[in-house]
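Below is one structure, written out as structure tokens; comments come after it.
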Amino acid sequence: MKFVDEVKITVKAGNGGSGSASFRREKFVAFGGPDGGDGGHGGNIILEGDQGLNTLVDFRHKRRFDAQNGESGKGRQMYGKGGNDLIIKVPTGTEVYDLETDQKLGDITTHQQQLVIAQGGKGGLGNMHFKSSVNRAPKQFTSGEQGELREIKLELKVLADVGLLGFPNAGKSTFVNAISKARPKIAGYPFTTLYPALGVVPVDADTSFVVADIPGIIEGAAEGAGLGIQFLKHLQRTGLLLHLIELPAFEGMSDPVEQFHQLSEELVKFSEHLREKQRWLVFTKADVTTAADAEELAAAYAKAIGWQGKYYLISSINKTGLKELINDIAAHLFSEQDEWLKP
């Protein structure tokens, strides 16, 4: 499915129905009083989070959404029926902005969370409200109010516990394949991942976490090189970043130390919040050489980078190092389980 993470739509809430100007007319009652009912309220436009969705692609085919208008009032003090609300399903992680004012209207972060983005118009008043001691037969009534019309921008930022950071072809998709049932595209060339993919990683019978395979970042991403800004924003809501660096198997491959510092600079340029987010160092593709050589290379690169803490050496092909990494991630996440939801 094509991944779309930003769309602009038009929403129009329902108009309120007009009030009625009516008078009571029955047998033996020639001049009954006013009995015009009120109009019904227009329907609201409501966004609702749906954890089963992971893209905004459906909005590329439909850009205009209208809620139902309220019905007009009738005689015998009969109120008009209110218009039905229009509920629009969006993925969890969707931010909502008013394009005219650039105001953030809200953030859909949980399943079935609802957000009213356009208010329906109030129904008009019938003439029964205008009766007075000096006007026993009022003909006044009011029209219903117009429902809100808005230009809206929906922006999806992936919600995940763990985000993968790395240059193209660093082994991120293979890693997600190895630890979850997600199946992002894998190939022997850069940029095979073109959109974020989520995988659920089981830890035990009652515990799991979500990992996001973010497309590879390149130098200049914070200024929009490639699709950098679209990719970097998806890292903002992850609880933990895994910085994946591939171990080179032959001469001519890019320097892992240089890659590390380039991506670190991109994080700082894009967001101070990203720079402060906890990041773990993971060396991938340990299977391209012997175990001893892989250990030696990883230690040398970690020292050259200036990495002070623990680092991990894994192979997603033969599964080495994965169990330790998964268990450590789970222990970290569930010791600070609500920290990543902070703005």
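No lab work stands behind these numbers, since they all come straight from the coordinates. On a predicted model such as this, the values are computed, not experimentally measured, just so you know. All Cβ positions, even for glycine, are placed from backbone atoms using ideal geometry, and neighbour counts span all protein chains on display.
Mean separation of Cα pairs under 8 Å and 6 or more residues apart, divided by the residue count, gives region 6-156 a relative contact order of 38 percent. Net charge in the neighbourhood of residue 81 (other residues with Cβ under 14 Å of its Cβ; Lys, Arg +1, Asp, Glu -1) is -2. Dividing the Cα radius of gyration of region 22-143 by its Kirkwood radius returns 1.23 for Rg/Rh. Modelled this way, with points 7 Å down the Cα-to-C-beta line, the labels at residue 153 and residue 291 are 5.3 nm from one another.
Suppose R0 equals 22 Å. What FRET efficiency, 1/(1 + (r/R0)^6) with r the Cβ-Cβ distance, do residue 132 and residue 26 give to the nearest 0.05? So, using R0 = 22 Å, E works out to roughly 0.45.
Straight-distance candidates among the aspartates and glutamates for linking to residue 122, with alpha-carbon spacing under 17 Å and chain neighbours fewer than 8 residues away dropped: 38, 66, 71, 85, 145, 148. Sorting 57-67, 17-27 by their mean Cβ neighbour count within 10 Å, with the most densely packed peptide first, gives 17-27, 57-67. Which of the residue pairs 12/131; 104/319; 8/139; 8/269; 153/319 have a Cα-Cα distance greater than 32 Å in the structure shown? Among 12/131; 104/319; 8/139; 8/269; 153/319, the Cα-Cα distance tops 32 Å for 12/131; 104/319; 8/139; 153/319.
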